[in-house]
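> Here's a structure for you.
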Amino acid sequence: MDHDLSKRQAALATVFGFSQADLAVNRSGELSNTQREKLASTHFANTRFAWIAFSIVFGVGFLGFCADTLRTGTFGTKTLSVYAGVLVFFGLILWGFTAYYRYQMKRTLLDGRTFAVKGKIQLFTRRNEKLMHRYFCVNDHQFQIERYDHFKLLQEAGLAGQEAILYVSTPRKAVLSVELKT
């Protein structure tokens, strides 16, 4: 029985990326240093990706503007103003999202707190249009599992219906660790 529990606990640690040391710190209501670094690096990687995507869209738009200028043979202020307006509009939206998520990340790191959610683990799949979304849930706290192999690992470990304590960061709601109850 103890072997099954450690196997299930290892599956949770693999999927959510925590160690026993992280779990021990989370029990005291704090974020571990490893988790702080992971939260910050994930945020900066996502921000970098967003700005790269924006740059690609900017570049394609600029090429379209240049192609239109060459096609018409004139340097149209109307085309330039539309291009600049769309660029500024999307740039402000991206900046707003980036600033909001950076604020959430900073609050999470400054607060450094976790809260425990006790209940039974639920694993389920929801179909939206053509996409399948897989979820890990304890009580009413749902977290999407991005990778199918991770979801399959949780299923094969027999975690559905197991009593657990889920440690979640605040205010940015992210799974930090999960402890199975014996």
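> Leaving out ligands, DNA and RNA, what percent of the accessible area of the range 20-60 is carbon and sulfur, probe 1.4 Å?
Percent of accessible area from carbon and sulfur atoms in the range 20-60: 68.
> For helix 33-72, report the angle its Cα long axis makes with the longest principal axis of the Cα atoms of the chain; keep it between 0 and 90° and round to the nearest 10°.
For helix 33-72, the angle is close to 20 degrees.
> Just how much of Arg127 is accessible, in Å², when a 1.4 Å probe is used and the result is rounded to the nearest 10?
150 Å²
> Between the DSSP loop rule and a limit of at most 15 other Cβ atoms within 10 Å, which trypsin sites (Lys or Arg not before Pro) in the range 1-104 are left?
Here no trypsin sites (Lys or Arg not before Pro) fit, given the DSSP loop and packing criteria.
> Here is a follow-up. Put Asp68, Asp111 in order of accessible area, largest first, 1.4 Å probe: what do you get?
Asp111, Asp68
> For the chain, treating each Cα as an identical point scatterer without solvent, what Debye log10 I(q)/I(0) comes out at q = 0.08 1/Å?
Summing over Cα pairs of the chain leads to -0.40.
> Do you know the Lys pair count in the chain for C-alpha distances under 25 Å, with sequence separation 8 or more or different chains?
Within the chain, the lysine pair count is 20.
> With an 8 Å Cα cut-off and a minimum separation of 6 or more residues, compute the relative contact order for the range 1-98 in percent.
19 percent
> Which chymotrypsin sites (Phe, Trp or Tyr not before Pro) does the range 11-77 hold that lie in a coil by DSSP with at most 15 other beta carbons within 10 Å?
Phe75
> Sum -39500 (n - 2.57) across every DSSP H segment of at least 4 residues in the chain, then divide by the residue count to get the 222 nm mean residue ellipticity, nearest 500.
Dividing the helical sum by the residues of the chain leaves -20500 deg cm²/dmol.
> Among rounded, prolate and oblate, which fits the range 56-134 when a ≥ b ≥ c are the square roots of the eigenvalues of its C-alpha gyration tensor, a/c under 1.5 means rounded, and a/b larger than b/c means prolate?
Taking the square roots of the gyration eigenvalues as a ≥ b ≥ c, the range 56-134 is oblate.
> Separate question: In Å², what does the accessible area per residue of the range 1-107 work out to with a 1.4 Å probe?
Averaged over the residues of the range 1-107, the accessible area is 68 Å².
> Please state, as a whole number in µm²/s, the translational diffusion coefficient that the Stokes-Einstein equation yields for the range 109-182 at 4 °C and 1.567 mPa s, with Rh defined as the Kirkwood radius across alpha carbon pairs.
Approximately 99 µm²/s, per Stokes-Einstein.
> Another question, if that's okay. Normalised by the residues of the chain, what does the relative contact order come to in percent, with Cα pairs under 8 Å and at least six apart?
For the chain, the relative contact order is 29 percent.
> Taking amide H atoms as placed 1.01 Å from N in the peptide plane, list the residues 5 or more away in sequence, or in a different chain, whose amide H sits under 5 Å from that of Ala174.
Here the answer is Ser169, since their amide H atoms fall under 5 Å of that of Ala174.
> Taking Cα pairs under 8 Å and at least six residues apart, what relative contact order does the range 93-182 come out at, in percent?
Here the relative contact order equals 31 percent.
> Follow-up. Can you work out the Karplus-derived ³J(HN,Hα) for every residue in the range 109-116? Use 6.51 cos²θ - 1.76 cosθ + 1.60 with θ = phi - 60°, whole Hz, and x for glycine or proline.
Those phi angles translate into 5, 5, 5, x, 9, 10, 10, 9 Hz.
> Apply the Debye scattering formula to the range 1-87, with a single equal point scatterer on each alpha-carbon and no solvent, then give log10 I(q)/I(0) at q = 0.11, 0.14, 0.16, 0.22 Å⁻¹.
For the range 1-87 at q = 0.11, 0.14, 0.16, 0.22 Å⁻¹, log10 I(q)/I(0) is -0.58, -0.68, -0.77, -1.04.
> At most 14 other C-beta atoms within 10 Å and a DSSP loop state: those are the exposed GluC sites (Glu not before Pro) I care about. Give me the longest piece of the chain that has none.
The longest such stretch corresponds to 1-128.
> While we're here: How are the alpha carbon pair distances in the range 17-57 distributed across 5 Å bins from zero to the largest one, expressed in percent?
Calculated over all Cα pairs of the range 17-57, the distribution is 6, 22, 20, 14, 12, 9, 8, 5, 3, 0 percent.
The values are calculated or read from the model by the stated rules, or taken from the named source; none is laboratory data. This structure is a prediction, so every number in the text was calculated from the model and none was measured. Note that we place each Cβ from the backbone using ideal geometry, even for glycine, and neighbour counts take in every protein chain shown. Just the protein is used for accessible areas: all its heavy atoms, side chains included, with ligands, DNA and RNA removed. Shrake-Rupley method; radii C 1.70, N 1.55, O 1.52, S 1.80 Å.
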